[in-house]
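To start, I am sharing the structure in question, which I have written as structure tokens.
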Amino acid sequence: NDIGLVVDAKDRDDKTKVETRYISSFDDNYKELWKYKYDINENRENKKQITYLKSNKDVIVFFNHTTDKNYSYINDYSLIFLNSKTGKLISEFSFPNVDKNAYKVVDCFIKDKEITILGNYSNKSYYGHINDDENKGLFNFTFSKETGKLIKSNYLNWEDLSSKLDINKNGFIKKEGYIFIHNMLPLDNEKMIVVCETFEQSPIKTNNMYF
């Protein structure tokens with residue numbers, strides 16, 4: 001790939017109890033090229049838990065979903081943009097309105113000078129993940145690849161699709177169940193293909209696929 005070997009790791013000082021989480025990049029001879037420390041936990045309760053999303057020769061994108069001291073996820077999310085060559089932080093974006101919303105990143109795309117983050121959002125949940133019973137819809141965030149700053153953000157509520165689907169504001173399709181998003185694929189005409197399924201919770205059963 002364009003960035004080589006990149007490792008997410010952590011060190012713990014047994015004397016001070018300080019835990020340092022970091023990302024390191026290595027060359028073909030396993031020599032460390034750079035290290036970025038993204039979380040230094042000085043006995044604080046919350047910890048960053050990052051997931052790799054996408055990269056190219058210029059930028060690496062990670063999604064952070066914060067946990068508490070018991071490693072349970074909470075409603076705190078961010079995107080971390082790193083320079084692929086130097087490991088320096090370009091920007092960290094905190095998701096908005098986390099006092100009301102929960103977020104799930106579904107797909108990430110890097111094209112030309114922009115980074116696109118696509119996903120699903122719902123009402124805030126007590127366990128930090130998407131709330132299937134109060135699912136609100138989809139989001140589309142576009143960032144500058146150079147600065148990591150948000151360029152534009154769009155939201156699509158399920159009610160906006162009610163003319164085409166018998167769907168309510170919580171993402172429930174009549175006689176089929178709740179929506180679950182698998183993939184979101186942007187098209188050149190600024191439209192999008194969303195791959196999803198409907199499911200029932202009790203008993204758990206998958207019904208139709210939608211595109």
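The values are calculated or read from the model by the stated rules, or taken from the named source; none is laboratory data. Just so we're clear, the structure is a prediction, and the values are computed from it rather than from any experiment. Methodologically, a virtual Cβ is constructed for each residue, glycine included, from the backbone with ideal geometry; neighbour enumeration extends over all protein chains shown. Note: accessible area is taken over every heavy atom of the protein model, side chains too, but ligands, DNA and RNA are not part of it. Shrake-Rupley method; radii C 1.70, N 1.55, O 1.52, S 1.80 Å.
If Tyr38 satisfies every condition in (1) at pLDDT 90 or above; (2) in contact with a Ser or Thr (Cβ under 8 Å, 6 or more places away or on another chain); (3) within 26 Å of Lys149 (Cβ to Cβ) but one, which is the exception?
(2)
Looking at region 121-133, is at least one residue without any contact (Cβ under 8 Å) to a residue 60 or more places away in the chain and within 15 Å of Ser94 (Cα to Cα)?
Yes: one or more hits.
Here is a follow-up. Identify, from the list Ile110, Ile151, Ile117, Ile130, the residue that is β-branched (Val, Ile, Thr), touching a Lys or Arg at 6+ places or on another chain (Cβ under 7 Å) and part of a strand (DSSP E or B). Walk me through it before giving the result.
On the way: Ile151 fails: touching a Lys or Arg at 6+ places or on another chain (Cβ under 7 Å); Ile117 fails: touching a Lys or Arg at 6+ places or on another chain (Cβ under 7 Å); Ile130 fails: part of a strand (DSSP E or B).
Sole residue among the options that is β-branched (Val, Ile, Thr), touching a Lys or Arg at 6+ places or on another chain (Cβ under 7 Å) and part of a strand (DSSP E or B): Ile110.
Determine if region 29-40 includes at least one residue that is in a strand (DSSP E or B), open to solvent by 20 Å² or more (accessible area, probe 1.4 Å), basic (Lys, Arg) and within 19 Å of Lys152 (Cα to Cα).
no
What pairs come out if I take residues in region 158-171 that are small (Gly, Ala, Ser) and pair them with residues that are modelled with pLDDT of 85 or more whose C-beta lies under 6 Å away, six or more apart or interchain?
As it stands, the answer is Gly171/Asn135; Gly171/Trp158, since those pairs meet every condition given.
Ok, one more. Name the single residue, out of those in region 134-151 being touching a Ser or Thr at 6+ places or on another chain (Cβ under 7 Å), modelled with pLDDT of 95 or more and open to solvent by 60 Å² or more (accessible area, probe 1.4 Å), that is nearest to Ile90 (Cα to Cα).
Only one residue tops the list, namely Lys149.
Report, by residue number, each residue of region 162-189 that is among the aromatic types (Phe, Trp, Tyr) and either open to solvent by 70 Å² or more (accessible area, probe 1.4 Å) or outside any strand (DSSP E or B) (or both). Show your work before the answer.
Taking region 162-189 first, the residues among the aromatic types (Phe, Trp, Tyr) are 172, 178, 180.
Answer for region 162-189, where residues must be among the aromatic types (Phe, Trp, Tyr) and either open to solvent by 70 Å² or more (accessible area, probe 1.4 Å) or outside any strand (DSSP E or B) (or both): Phe172, Phe180.
Counting just the residues of region 2-59 that are on the phi > 0 side of the Ramachandran plot and not aromatic (Phe, Trp, Tyr), which one comes out farthest from the chain's Cα centre (by Cα)? Step through it out loud before you land on a result.
Residues of region 2-59 that are on the phi > 0 side of the Ramachandran plot, as a first pass: 4, 17, 30, 43.
Remaining after also requiring not aromatic (Phe, Trp, Tyr): 4, 17, 43.
Details: Gly4: 22, Lys17: 29, Asn43: 26 Å.
Top of the filtered list is Lys17.
What are the residues in region 3-25 that are loosely packed, with under 11 Cβ neighbours inside 10 Å and in contact (Cβ under 8 Å) with a residue 40 or more places away in the chain, if any?
Within region 3-25, no residue meets the criteria.
If you check Tyr71 against the conditions, is it part of a strand (DSSP E or B), aromatic (Phe, Trp, Tyr), open to solvent by 40 Å² or more (accessible area, probe 1.4 Å) and without any contact (Cβ under 8 Å) to a residue 60 or more places away in the chain? I'd like the intermediate steps shown before the answer.
Details: part of a strand (DSSP E or B): no; aromatic (Phe, Trp, Tyr): yes; open to solvent by 40 Å² or more (accessible area, probe 1.4 Å): yes; without any contact (Cβ under 8 Å) to a residue 60 or more places away in the chain: yes.
For Tyr71, the condition - part of a strand (DSSP E or B), aromatic (Phe, Trp, Tyr), open to solvent by 40 Å² or more (accessible area, probe 1.4 Å) and without any contact (Cβ under 8 Å) to a residue 60 or more places away in the chain - is not met.
Next up: In region 1-20, which residue that is assigned to a strand (DSSP E or B) and among the charged types (D, E, K, R) is farthest from Glu45 (Cα to Cα)? Don't jump to the end; show me each part of the working.
Narrowing region 1-20 to residues assigned to a strand (DSSP E or B): 5-12, 19-20.
Now drop any that are not among the charged types (D, E, K, R), which leaves 8, 10-12, 19.
Details: Asp8: 20, Lys10: 16, Asp11: 17, Arg12: 15, Glu19: 12 Å.
Taking the candidates together, the pick is Asp8.
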